[in-house]
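Shown next, in structure tokens, is the structure this report addresses.
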Amino acid sequence: MLEELLLNEQPENIKISQQINFENWNELDQIRENSREINSEGLMLKQKNSHYHSGRKKGDWWKWKINPLTIDAVLIYAQKGSGRRSAYYTDYTFAVKNEDKLVTITKAYSGLTDKEIMEVSKFVNKNAIEKFGPVRTVKPELVFEIAFEGIGFSNRHKSGVALRFPRILRWRKDKTVNEIDDLEEIKKLIQ
């Protein structure tokens, strides 16, 4: 019905997602892998006879995302969380190399286990350099792999880039601050 309406009305500000026909899952997976080329997170799979569902999609709707992009960055700022985590540092700001300096690139609030959050909080308490209200500057020693869905240039961020949906993928205890990613290399991810 929507397609018929749009064909007749042809409004400029409404677009319908392309229906993808495929013969097998391998073919569909290849189409999904090319999602970034059209600024997409992946594919939305739906049964043809499915009704539109408001809110969270379950059952006959499934979002098949591409694997996230990742970078290695160092923790430089931490702030305590709220609610049941108000006693722990759970809000983190990360930096990457920019020539011989560190430059902030993103914040992330999720991805660590409760045990890891307690361990990071202990580190922050022992290694805080400066206090700015609730924010603590810490020694740049803890390296984390940050996952994100997209990246683009941004005038609002010191690094000149913005990450889309950043989150902590894992704590890189096997890496030092000398092994974090370089901003110029990260900018090459922007298409």
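The values are calculated or read from the model by the stated rules, or taken from the named source; none is laboratory data. These numbers come from a predicted model, not from an experiment. Here Cβ is always computed from backbone atoms with ideal geometry, including for glycine, and neighbour counts include all displayed protein chains.
Among the conditions (1) aliphatic (A, V, I, L, M); (2) modelled with pLDDT under 95; (3) part of a strand (DSSP E or B), ILE71 misses just one, which is (2).
In the range 145-183, the qualifying residues are those that are of a type in the set (Asp, Glu) and surrounded by fewer than 16 Cβ atoms within 10 Å (Cβ to Cβ), and the one that is farthest from ASN39 (Cα to Cα) is ASP174. Condition check: exposed (fewer than 15 other Cβ atoms within 10 Å of the Cβ), more than 20 Å from the chain's Cα centre (by Cα) and at negative phi. Does ASN21 satisfy that? Yes: the conditions hold for ASN21. Out of all the residues in the range 64-75, which are in contact (Cβ under 8 Å) with a residue 40 or more places away in the chain, surrounded by fewer than 22 Cβ atoms within 10 Å (Cβ to Cβ) and more than 22 Å from GLY152 (Cβ to Cβ)? Across the range 64-75, there are no qualifying residues.
Counting only residues that are free of Cβ contacts under 8 Å to residues at least 24 places away in the same chain and either in contact with a Pro (Cβ under 9 Å, 6 or more places away or on another chain) or in a loop (DSSP other than H, G, I, E, B) (or both), the range 14-39 holds 11 of them. List pairs: first residue in the range 83-111 and part of a loop (DSSP other than H, G, I, E, B), second residue surrounded by fewer than 20 Cβ atoms within 10 Å (Cβ to Cβ) and among the basic types (Lys, Arg) anywhere in the structure, Cβ distance under 9 angstrom, at least six positions apart or on different chains. Every condition considered, the pairs that remain are SER86/LYS80; ALA87/LYS80; TYR88/LYS80; TYR109/ARG167; SER110/ARG167; GLY111/ARG167; GLY111/ARG170. Look at (1) more than 19 Å from the chain's Cα centre (by Cα); (2) farther than 22 Å from ASN98 by Cα and you find that ARG170 fails only one, number (1).
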